[in-house]
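Bear in mind that the values in this text are calculations on the coordinates, not laboratory data. Here the structure is a predicted model, which means the values were calculated and not measured. For neighbour counting, all protein chains shown are included, and Cβ atoms are generated from backbone atoms with ideal geometry for every residue, glycine included.
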Amino acid sequence: MTGQIFKNEWQFFSRNKTLLGVTISFVLVLVLSIALGNIQTKNQTVAYQTAQEHLRAQWENIDAMNPHSAAHYGTYVFKPANLLSSLDEGVNSITGNVLRVEGHVQNEIVHSEASQMQTVSKFGKLKSSLLLQYIVPLLLIFLAFNSVSSEKQSGRLKLLVLQGAKVKSILWAKTLSVWLYGIVLLAVVVVVYALLNIQNLNTDTISRSLLFFLSYAMYYFIISGLTVFFSARWQNATVALTSMLGIWILWTVFLPNIWMSSAEQLHELPSRNEFQAAMKEDRSKGLDGHNPADERSKGLEEQVLKEYGVDSLSQLPINFDGLVMQADEEYGNQVWDKHFGNLREVLTKQKQTYQWAGLVNPFVSLQNASMGFTASDNLHHQEFLVQVEHYRRDFIKTLNDKHAYGGSKTGDWGWKADNDFFKSVPDFKYQPTALSTIFSNYITDLLLLILWSVLVVVLLVTGTKKIELI
């Protein structure tokens, strides 16, 4: 009987010209959003690769130069465009894309996509994640809100029960038919994405896409099941629709903002000015306030003279200036690790606090999982910044070591390294974050979506006892 009701529901869907027209139009919009996002991502990838190759060519063609001058000359690193961001661009549009790598300074990432768009574009950009997270659930609500209440009003529900159908089976058939509609729309997005990127698919991308699909599938089931349950519990279809729309508005508009504000207040980040002032103070006065730069330099000088068994810097077989610069870099690295480590710790606490909002709002869990599995969340962004910083440290150390041990003597600022040396300095290679790491960070969101799905199942199974047939 469940299968027959399910079949009848889909026959009704297919014969409803209005629904058919809306579905075709919406599928076209979904495909267009994926295609446009994919084109944009590929164009960004080509642009970044071209710029990176140009900068590398400039670096490899540097004339003979003092390594310290080359450290100030520096280079640029571009955040790689991720093909999965055409499914959900997450924070990528508001974070920067370009980071300058140079000596003495740990620069901020700049040139975000949002900062280069017109004001209208910031709010009007067509995003597949916007359609999947907001519009598809609305379609499911409008499909399901009248599914049982109309059967009550027409007397068909009572007739089905008299013919041997169980109310529980009817609710399941209604829920699954509406849910499958959402799954079809979701499948269209994932399949179109796969076809557009079939040459670039690998195990990691496929696994992420499947987890992305699973997250949305569970959320659509929650929306479909709850709406059908309300349709069965309330005699009036308008009340069922109003109840579910109220929940949808709370989940998507109010609760996320309220909870995020609470998480930010509970785990407060320092202001930009406070952060930079603290970094500057530690850089100049010492981490503990008792070891300023001049004292550190004096201590290093005594240590090096003793190590080489000489009485003055002029007697050293190496260039002490290079050692001082590297010592200053290493101290700056400690300052960076301290302050940015604290910053990442606060961001992690904010994220973990925000995740628990999924207990009362599965939409939060969906958004978190969606960004996480498409590599467009803040975790991936922070991982990129850390990798660039590690590269900067190796990059500058290579130049300082050449200045110290390459053959020049202390005070010889006119000494130059040849072009072969600069060619030997490795370029930046981004290593994507392992899926296992991502999964461990978003297992909470998946479990909360599962918990909500189980709750909906319980409602559909046990809630039938209180449902009136007329």
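With a/c under 1.5 counting as rounded, go ahead and sort segment 332-450 into rounded, prolate or oblate using the C-alpha gyration tensor (a ≥ b ≥ c being the square roots of the eigenvalues; past the cut-off, prolate if a/b is larger than b/c, else oblate). Prolate, because a/c is 1.5 or more and a/b exceeds b/c.
Which angle between 0 and 90 degrees, to the nearest 10, do you get for helix 320-355 versus the longest principal axis of the chain when only C-alpha atoms count? Roughly 10 degrees between the two axes. The charge dipole of the chain, taken about its Cα centre with unit charges on the Cβ of Lys, Arg, Asp and Glu (plus for the first two, minus for the last two), comes to roughly 3340 debye.
Once C-alpha pairs closer than 8 Å and six or more residues apart are averaged by separation and normalised to the residue number of the chain, the relative contact order reads 24 percent. Need the C-alpha centroid separation for segment 391-470 versus segment 204-225, integer Å. With segment 391-470 and segment 204-225 each reduced to a Cα centre, they are spaced 23 Å. If the segment from PHE13 to ILE249 were pulled out straight at 0.36 nm per residue, it would be longer than the present Cα-Cα gap by 82.4 nm. Take THR353, project a point 7 Å from its Cα along the Cβ direction, then tell me which residues of segment 377-421 have their backbone nitrogen under 19 Å from it. The answer is 378-379. In the chain, helices alone account for a calculated mean residue ellipticity at 222 nm of -23000 deg cm²/dmol, with every DSSP H run of four or more residues adding -39,500 (n - 2.57). Per-residue extension of 0.36 nm, minus the Cα-Cα distance of LYS168 and ASN257, leaves a gain of 28.4 nm for this segment.
Angle of helix 255-266 to the longest C-alpha principal axis of the chain, folded into 0 to 90 degrees and rounded to 10: 30°.
Set the Förster distance to 35 Å, then compute FRET efficiency between SER284 and GLU53 from the Cβ-Cβ distance, nearest 0.05. Efficiency, rounded to the nearest 0.05: 0.35. Each peptide in 104-112, 34-42 gets a packing score, the mean of other Cβ atoms within 10 Å over its residues, and the list from highest to lowest is 34-42, 104-112. The alpha-carbon atoms of the chain define a convex hull whose volume equals 168 cubic angstrom per residue. When you count the other C-beta atoms within 10 angstrom of each residue and take the mean per peptide, 241-249, 139-147 line up highest first as 139-147, 241-249.
Helix 2-15 sits at what angle to the longest principal axis of the chain, using alpha carbons and giving 0 to 90 degrees rounded to 10? Helix 2-15 sits roughly 80 degrees off the main axis of the chain. At an R0 of 30 angstrom, the distance between the Cβ atoms of TYR134 and THR462 translates into a FRET efficiency of 0.50. For GLN334 and SER297, the difference between the fully extended length at 0.36 nm per residue and the C-alpha to C-alpha distance is 11.7 nm. Rounded to the nearest 0.05, the FRET efficiency derived from the C-beta distance between LEU36 and LYS409 at R0 = 60 Å is 0.50. Ranked by the mean number of other Cβ atoms within 10 Å of their residues, highest first, the peptides 302-312, 89-99 fall in the order 89-99, 302-312. Projecting the Cα atoms of VAL188, LEU459, LEU366 onto the charge dipole of the chain (Cβ charges, centred on the Cα centre) puts LEU459 farthest toward the positive pole.
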